[in-house]
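A short worksheet on the structure shown next.
The values are calculated or read from the model by the stated rules, or taken from the named source; none is laboratory data. Because the structure is predicted, anything quoted here is derived from the model rather than measured. Here the Cβ positions follow ideal geometry from the backbone for every residue, glycine too, while neighbour counts run over all protein chains shown. Side chains included, ligands, DNA and RNA excluded: accessible areas come from the protein's heavy atoms. Shrake-Rupley method; radii C 1.70, N 1.55, O 1.52, S 1.80 Å.
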Amino acid sequence: MSTIGIRAFSACTVVGKTRNTLGTVVSAAMTKSFPDFSKFDPVYDDISENTSIIELWKKQKAEELGSNISSASHIDALVNKERNITDAPANFFRRYPKPPAKMNLEEVTNADDGMFWSEDLLIPFEQFGKLSKKTLVVKRTTQMTSKGKIPSMYAMVVVGNGMGSAGYGEGKSFEASKAVVLATRQAIKSMQFFPRYDDRTIYHDIEHKFKATKMLLWARRPGFGCRVSPVVHEICECIGIQDLAGKIHGSRNPMNVIKAVFGALQTQRVPDDLAKARGMRLVDVYHTYYGNIKPTFVRK
């Protein structure tokens with residue numbers, strides 16, 4: 001049944017005992033239970049786009065009451081009640097971070113790499129300066145055309161806050177510095193959160209394959225460290241993973257390795273989600289019975 005048909009049922013008076021719509025027989029009693037889509041819904045309708053309609057309803061209500069009208073607020077209350085108009089909650093609309101007052105370009109621009117903060121990064125200005133950036137790939141590329149070779153620079157950057165959120169980005173420009181800036185901005189926009197067990201390692205062992213790269217990651221005890229390849233080690237520093245072991249089989253291309261690591265961390269299954277799916281109660285032995293006491297390692 002289309003939306004137009006539902007609106008016709010809800011807004012018009014039913015004539016006859018039955019109606020046939022798209023091969024389905026609908027009785028007159030059933031049509032009364034259909035939702036009235038002609039009324040304003042604050043969840044699905046934008047009140048800023050329907051202000052003219054609401055003002056028309058108020059004008060019609062004022063003409064209907066005539067001399068019995070007491071005040072404008074009385075008309076507003078009647079229209080809101082009849083048309084089911086309610087104000088949206090305060091946290092309904094998404095608020096993007098706003099820059100502080102009296103901000104100069106020098107304050108939002110990093111003198112080291114030329115990075116600047118803007119609203120399209122979708123992160124607060126306070127967190128922008130606390131991000132750690134790792135430029136892992138910078139190389140020269142060449143595009144072959146009928147007119148000859150067009151050289152350019154390619155960069156791949158990983159950005160993270162050290163508290164579980166990180167992202168990677170790719171940039172291409174005629175200059176290496178501009179390519180790094182483009183990659184950094186894309187990495188900040190693509191940041192996502194990765195769950196960490198005890199804020200130091202992954203929840204379980206992971207095996208993930210990205211094209212010709214096969215990534216193996218294993219959770220390790222406190223104090224083990226990150227015993228992985230240099231590229232994976234830099235990513236772990238951005239995310240905030242302290243104890244991890246890993247192995248790479250197949251292609252060790254840095255670009256494929258970076259994408260394989262992020263793809264592998266996305267496949268983690270958090271124990272709380274497994275417990276909810278199975279309808280069981282989860283108890284962490286490490287935190288509950290041992291009081292989260294981390295053992296100390298002494299080298300002899």
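Considering each of ILE206, ILE202, ILE150, ILE188 in turn, give the residue that is within 24 Å of LEU121 (Cβ to Cβ) and of a type outside the set (Gly, Ala, Ser). Break it down stepwise before answering.
On the way: ILE206 fails: within 24 Å of LEU121 (Cβ to Cβ); ILE202 fails: within 24 Å of LEU121 (Cβ to Cβ); ILE150 fails: within 24 Å of LEU121 (Cβ to Cβ).
None of the others qualify; the one that does is ILE188.
Looking only at residues that are open to solvent by less than 70 Å² (accessible area, probe 1.4 Å) and among the small types (Gly, Ala, Ser) in segment 130-157, which one is farthest from ASN253 (Cα to Cα)?
Ranking the qualifying residues of segment 130-157, first place goes to GLY148.
Output yes when any residue across segment 251-273 is surrounded by 11 or more Cβ atoms within 10 Å (Cβ to Cβ), modelled with pLDDT of 95 or more, over 30 Å from the mean Cα position of the chain (by Cα) and over 17 Å from GLY164 (Cα atoms), and no when none is.
yes
In segment 188-227, what residues are open to solvent by less than 30 Å² (accessible area, probe 1.4 Å), touching a residue at least 40 places away in the same chain (Cβ under 8 Å) and of a type outside the set (S, T, N, Q)?
Those that are open to solvent by less than 30 Å² (accessible area, probe 1.4 Å), touching a residue at least 40 places away in the same chain (Cβ under 8 Å) and of a type outside the set (S, T, N, Q): ILE188, PHE194, ARG200, ILE202, ILE206, MET215, LEU217, PRO222.
Taking segment 274-289 as the search range and keeping residues that are closer than 19 Å to ARG196 by Cβ and not in a helix (DSSP H, G or I), which one is modelled with the lowest pLDDT?
Residue satisfying both the conditions and the ranking: ASP284.
Can you tell me how many residues within segment 149-179 are assigned to a strand (DSSP E or B), over 11 Å from SER190 (Cα atoms) and among the small types (Gly, Ala, Ser)?
The number of residues fulfilling the criteria is 4.
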